[in-house]
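Heads up: the structure comes next, in structure tokens.
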Amino acid sequence: MIKLEKVEVNGKTYEAEIGKIESTFLGIEDHGILTFIIHIDFEGSHQGAGTYSLDQYDSKKGKTIGTPHMAAVIRSILETVGVDTWEKLPGKSVVVLRDKPWDTIRGLTNLPPAKPMYTIFEEIFEGK
């Protein structure tokens, strides 16, 4: 397996570690929030990526609606991992990006030597 230590994305340097997507969740969690989680295995240890809210309550409509970044983050994850459906994510290898080792997963990138594709969660949710 390829060992990576640092990856630079948009001028920011991240700690990088290769893992395999073990399972995923895309749905409404127990607090009523539409969210996603990508469970990643690092040869014996595990960590989840995601848990961002994909919806919000619209008081004018009186109901919960999707946020503008909902489709962007899902599409970015699929393209970064190289699949066309959420159901194909488990079993795929991915590089996770963190600010420091074992910190929160800030994003994902694909494995070299493929053309680099990135999903940086905070950039998507901040509209960058």
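The values are calculated or read from the model by the stated rules, or taken from the named source; none is laboratory data. Note that the coordinates shown come from a computational prediction; the quantities given were computed from them, not determined experimentally. Note that we place each Cβ from the backbone using ideal geometry, even for glycine, and neighbour counts take in every protein chain shown.
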Of the conditions (1) modelled with pLDDT of 95 or more; (2) buried (at least 18 other Cβ atoms within 10 Å of the Cβ); (3) not polar (S, T, N, Q), Tyr52 satisfies every one except a single condition; which number is it? (1)
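Quick one: which of Thr104, Thr85 is of a type in the set (Ser, Thr, Tyr) and in contact with a strand residue (DSSP E or B) (Cβ under 8 Å, 6 or more places away or on another chain)?
Values: Thr85 fails: in contact with a strand residue (DSSP E or B) (Cβ under 8 Å, 6 or more places away or on another chain).
None of the other options fit; the residue is Thr104.
Check the range 63-82 and report whether any residue there is assigned to a loop (DSSP other than H, G, I, E, B), of a type in the set (Lys, Arg) and exposed (fewer than 11 other Cβ atoms within 10 Å of the Cβ).
Initially, the range 63-82 is screened for residues assigned to a loop (DSSP other than H, G, I, E, B), giving 67-68, 82.
Imposing the further condition that a residue be of a type in the set (Lys, Arg) reduces the set to none.
Looking through the range 63-82, none of the residues is assigned to a loop (DSSP other than H, G, I, E, B), of a type in the set (Lys, Arg) and exposed (fewer than 11 other Cβ atoms within 10 Å of the Cβ).
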Return the residue satisfying two criteria in turn: it lies in the range 1-52 and is of a type in the set (Asp, Glu) and out of contact with any Ser or Thr (no Cβ under 6 Å at 6 or more places or on another chain), and of such residues it is farthest from Glu126 (Cα to Cα). Glu43
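Closer than 19 Å to Ser23 by Cβ and in contact with a Lys or Arg (Cβ under 7 Å, 6 or more places away or on another chain): which single residue out of Val96, Val83, Val73 fits that description? First the steps, then the outcome.
Details: Val96 fails: in contact with a Lys or Arg (Cβ under 7 Å, 6 or more places away or on another chain); Val73 fails: in contact with a Lys or Arg (Cβ under 7 Å, 6 or more places away or on another chain).
Being closer than 19 Å to Ser23 by Cβ and in contact with a Lys or Arg (Cβ under 7 Å, 6 or more places away or on another chain) holds for just one of Val96, Val83, Val73, which is Val83.
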Scanning the range 83-114 residue by residue, those within 19 Å of Gly11 (Cβ to Cβ) and either in a loop (DSSP other than H, G, I, E, B) or of a type in the set (Gly, Ala, Ser) (or both) turn out to be Asp99, Lys100, Asp103, Gly107
